[in-house]
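Taken together, the values in this text are just the output of simple stated rules run on the coordinates, not laboratory data. Keep in mind the model is a prediction, meaning the values are calculated, not measured. Don't worry about glycine lacking a Cβ; one is built from the backbone with ideal geometry, like all the others, and counts go over all protein chains shown.
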Amino acid sequence: MSDRLSVLKTYKLYVGGKFPRSESGRVYEVTDHKGKWLANAPQSSRKDARDAVVAARKAFGAWSGATAYNRGQVLYRVAEMLEGRKSQFVHEVADAEGVSKSKAAVVVEATIDRWVWYAGWTDKIAQVIGGANPVAGPYFNLSSPEPTGVVAVLAPQESSFLGLVSVLAPVIATGNTAVVVASEKSPLPALSLGEVLATSDVPGGTVNILSGRTAEIATPLAAHQDVNAIDLAGADEALAKELEIAAADNLKRVLRPQPVDDWTATPGLDRMTAFLETKTVWHPTGSLGASGSSY
Amino acid sequence: MSNEKRSSAFEYAPAPESRSIVDIAPSYGLFIDGEFTEAADGKVFKTVSPSTEEVLSEVAQAGAEDVDRAVKAARRAFEKWSALPGSERAKYLFRIARIIQERSRELAVLETLDNGKPIKEARDADLPLVAAHFFYYAGWADKLDHAGFGPDPRPLGVAGQVIPWNFPLLMLAWKIAPALATGNTVVLKPAETTPLSALFFADICRQAGLPKGVVNILPGYGDTGAALVAHPDVDKVAFTGSTAVGKEIARTVAGTRKKVTLELGGKGANIVFDDAPIDQAVEGIVNGIFFNQGQVCCAGSRLLVQESVHDELLESLKRRLSTLRLGDPLDKNTDIGAINSEEQLARITSLVERGEAEGAERWSAACELPSSGYWFAPTLFTNVTQAHTVARDEIFGPVLSVLTFRTPDEAVAKANNTPYGLSAGIWTEKGSRILAVANRLRAGVVWSNTFNKFDPTSPFGGYKESGFGREGGRHGLEAYLDV
């Protein structure tokens, strides 16, 4: 080991493709599982939450309007960037979750593979859950999934990186934009993920990452009239109930917290379908008349 | 307001459907555990025919104690019902579908009497769709493994369902058919102004030999529905009705394991481009807002017309509206029936008055309104801006607000400028424009060059504050499965 003094990083939020500090100027101390100081993370305010929603809304048109193939390529690019910065994330996950470097490496690899899994879904989900409906009449009728809009994501508190990506990737794979509240105790892998997204062709504002007190940030997000849905994965029972009540005010789609024993298990479609709408388009088919049967 | 009476080339002689085909009892009980029973507190309410204000029957009014009894019955029935092979559940539903077809004329007349809708609509739209819905979901009962929700998807348990008065039996079918097909049991609350067809459905369940407790019917008011939604042993809540009540339900179930689907209000935009065939568009507009007296959550209540064809379209539209026949809902010629209740009529009237007070220009078709019953003449507003109440609030009546646009972008922006997102219509001959506009509309159902089409295979439901979840099609199964 060299005795060179390392260069520490100031961790910042990721909002609208930029890296601001909290507008409140507040930070809070992040430690490893043994209590050793790791960083001062921004402690986001409700103003930061609202700014993040504005950025996510602004990004929604372009991201949801991008072709599914294009979104898939962008998400795959995220996996490529992560692969190159693997050692940094192994380090952060080991510190955050109190696991050995080798265990952390397994987690980080599973996380990268999760991005790849969802990257492949972008241009397949519509065929799996949408399709033509055989209506009883002369009509063409097609149901297609569409993204719900701006989704607030409360990342899991314990699984600071694999859990985070497992809830974020399905939201943006289908064309939603996201405001993510990182694990309160272990926000550093999430904040570093922002740096990866910024260099992965993900348009600014598509993903916005906030650190701080989950309840403080989540409350204005759950009540925000321009947020369409909320994933409560990172909320405890009492907070989840409170947020679900607030979310009813504009009928947000709510994904309640569910116990996850093993984040490495292959996910199903649920986290994608929770934030999809189904649009059904009708059109008369017309008729060629009796001569149509002559071939 | 124009009162010019246009003369018709043809005068129509009355062609009343016979009401003797339906035998309405003077009183009905709650249907719990396969039996008709009185309410625990003995409460009853009257249901009237909105076209005559005649009392049709006196119906037991379920209270919290009855809700508990019905939920317990449904819970007891759940174990056996959910364990039945899907093919057996399917056959019960096929039986129900067939019995509805057999009794469809009777049910159509009943629906018209209790709801006030024209017999033509009850007979040709409601009833065929009701039977088709049961027939469609019957076929799913033994194919759930292949529905895309993983192998052996499980039912949720007891479903508490609350339905509105605009399509009483059809909404019952939308709720009960998928619930039973997937192995749930149900407690259903019909609307207080239209309880009768649901009670007749209870008799159909008897004829079909459906095991007791699988379907329970609890007539009552909003408090009955609230007690059902809040009951701790209900696993699934399905509601069709107003957005305000939908939000209250979402708050009630917060923090529970109850799965919820909500089908709520709308303020559908019907967009007419300058190249649309005017006559077809006019028919579509009329169908969009005057079908069922406009008491339709997916009604095309905002007409967005391209400025260059505004005058021509409005002239055709007014001419067409003047030919609509308003009157006795049992008359087979009738186009516009009665408003469902005095309360709803008051709401429509007050919103229309507000429209006039805010400066929109009102035009109503000149037609004679019957002296008894609840009626409202087909009405439209021109010079409407997006700020006007009549352009923002769901009126749920035969009232159309007309706005204009110049470019497709403006049409889309105006169409989406609402907290609702249930339906929309597009009228243009240009295929690429249909697809581009449909793609950008934030609405669950988009009708292009048609309007108000429904089918059991076609998922229906809203974006934004029009609710969540879909009814109909494969998508409709998800609402009743633990997936």
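Summary of computed values
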| quantity | calculated |
| --- | --- |
| ³J(HN,Hα), Karplus 6.51/-1.76/1.60, whole Hz, each residue of region A:226-238, x for Gly, Pro | 9, 9, 8, 7, 9, 9, 8, 3, x, 9, 6, 4, 5 |
| Cleavage-rule hits (GluC sites (Glu not before Pro)) in region A:97-172: DSSP loop, at most 10 neighbouring Cβ within 10 angstrom | none |
| Net length gained if the chain between A:LYS103 and A:ALA265 were fully extended (0.36 nm per residue, minus Cα distance) | 56.7 nm |
| Percent of Cα-Cα distances greater than 22 Å, calculated over region B:25-102 | 48 percent |
| Translational D in µm²/s for region B:171-270 (Stokes-Einstein at 25 °C, 0.890 mPa s, Kirkwood Rh from C-alpha pairs) | 169 µm²/s |
| Mean-position separation - Cα centroids, region A:99-140 and region B:24-80, in angstrom | 47 Å |
| Full-extension gain in nm, B:LYS212 to B:TYR12, via 0.36 nm per residue minus C-alpha separation | 67.2 nm |
| Residue-averaged [θ]222 nm for chain B, counting only DSSP H segments that reach four residues, each worth -39500 (n - 2.57) | -11500 deg cm²/dmol |
| In Hz, Karplus ³J(HN,Hα) per residue of region B:272-283 (6.51, -1.76, 1.60; θ = phi - 60°; x = Gly, Pro) | 10, 8, 5, 9, 5, x, 4, 5, 5, 4, 4, 4 |
| Amide H contacts under 5 Å for A:ALA39, placed H, 5+ residues apart | A:VAL30 |
| Among B:LEU369, B:LEU326, B:LEU313 the positive-end extreme of the charge dipole of region B:269-448 (Cβ point charges) | B:LEU313 |
| Reachable aspartates and glutamates from B:LYS72, criterion Cα separation under 17 angstrom, eight or more residues apart if same chain | B:ASP33, B:GLU35, B:GLU38, B:ASP233, B:ASP235 |
| Placed amide H near B:GLY467: partners under 5 Å, 5+ positions off or other chain | B:LEU264 |
| Per-pair calculated FRET efficiency, R0 = 22 Å: A:LYS58 and B:ALA436 via Cβ, rounded to 0.05 | 0.55 |
| Rg and Dmax [Cα atoms of region B:258-352; Å; Rg one decimal, Dmax integer] | 15.6, 52 |
| Calculated log₁₀ intensity ratio I(q)/I(0) where the Debye formula runs over C-alpha points of region B:376-483, q = 0.10, 0.19, 0.20, 0.22 Å⁻¹ | -0.35, -1.13, -1.21, -1.35 |
| Crossing angle, helix B:86-102 versus chain B [Cα axis fit, 0-90 degrees, rounded to tens] | 50 degrees |
| Positive-end residue of A:GLN88, A:TRP121, B:VAL402, charge dipole of the protein assembly as shown with Cβ unit charges | A:GLN88 |
| Modelled FRET efficiency - R0 22 Å, B:ASP274 with B:ASN383, Cβ distances, 0.05 increments | 0.65 |
| Stokes-Einstein D for chain A, Kirkwood Rh over Cα pairs, 20 °C, 1.002 mPa s (µm²/s) | 107 µm²/s |
| Distance (nanometres) between label positions extended 7 Å along Cα→Cβ at B:GLU356 and B:ARG105 | 4.4 nm |
| Estimated FRET transfer efficiency when R0 is 51 angstrom, pair B:LYS43-A:ASP32 (beta carbons, to 0.05) | 0.20 |
| Neighbour-count ranking [beta-carbon atoms within 10 angstrom, fewest first] of B:GLU248, B:GLU102 | B:GLU102, B:GLU248 |
| Point-charge dipole on Cβ atoms (K/R +1, D/E -1) for chain A, about Cα centre, debye to 20 | 560 debye |
| C-alpha center-to-center spacing [region A:186-239, region B:135-212] in angstrom | 39 Å |
| Per-residue Cβ neighbour rank within 10 angstrom, fewest leading, A:HIS283, A:HIS224 | A:HIS283, A:HIS224 |
| Radius of gyration and Dmax over the Cα atoms of region B:269-448, both given in Å | 15.6, 50 |
| Under 5 Å, built H, 5+ apart or other chain: amide partners of B:SER458 | B:GLY473 |
| Per-residue ³J(HN,Hα) for region B:200-207, Karplus 6.51 cos²θ - 1.76 cosθ + 1.60, θ = phi - 60°, Hz, x for Gly and Pro | 5, 4, 4, 5, 5, 4, 4, 4 |
| Antiparallel bridges, percent of DSSP beta bridges restricted to chain B (to nearest 5) | 30 percent |
| Rg/Rh (Cα only; Kirkwood hydrodynamic radius) as it applies to the protein assembly as shown | 1.01 |
| Charge dipole magnitude, Cβ of K and R +1, D and E -1 - region B:269-448, Cα centre, debye nearest 20 | 440 debye |
| Among A:ASN176, A:ASN228, A:ASN40, residue whose mean-square fluctuation peaks in a GNM of chain A (springs only between Cα atoms under 10 Å) | A:ASN40 |
| Over 23 Å between alpha carbons, listed pairs B:LYS46/B:LYS117; B:LYS332/B:LYS453; B:LYS117/B:LYS247; A:LYS252/B:LYS258; A:LYS252/B:LYS143; A:LYS12/A:LYS103 | B:LYS117/B:LYS247; A:LYS252/B:LYS143; A:LYS12/A:LYS103 |
| Where trypsin sites (Lys or Arg not before Pro) fall in DSSP loop in region A:60-114, at most 14 other Cβ within 10 Å | none |
| Lys/Arg +1, Asp/Glu -1 at C-beta; the protein assembly as shown dipole; positive extreme among B:PRO211, B:GLY222, B:GLY467 | B:GLY467 |
| Within straight-line cross-link reach of A:LYS9, lysines at Cα separation under 22 Å, skipping those fewer than 8 residues along the same chain | A:LYS18, A:LYS34, A:LYS36, A:LYS86, A:LYS101, A:LYS185 |
| Net charge dipole size for the protein assembly as shown [Lys, Arg +1 and Asp, Glu -1 on Cβ; Debye, nearest 20] | 1640 debye |
| Cα coordinate range in chain B, projected on the principal axes (Å, largest first) | 63, 48, 36 |
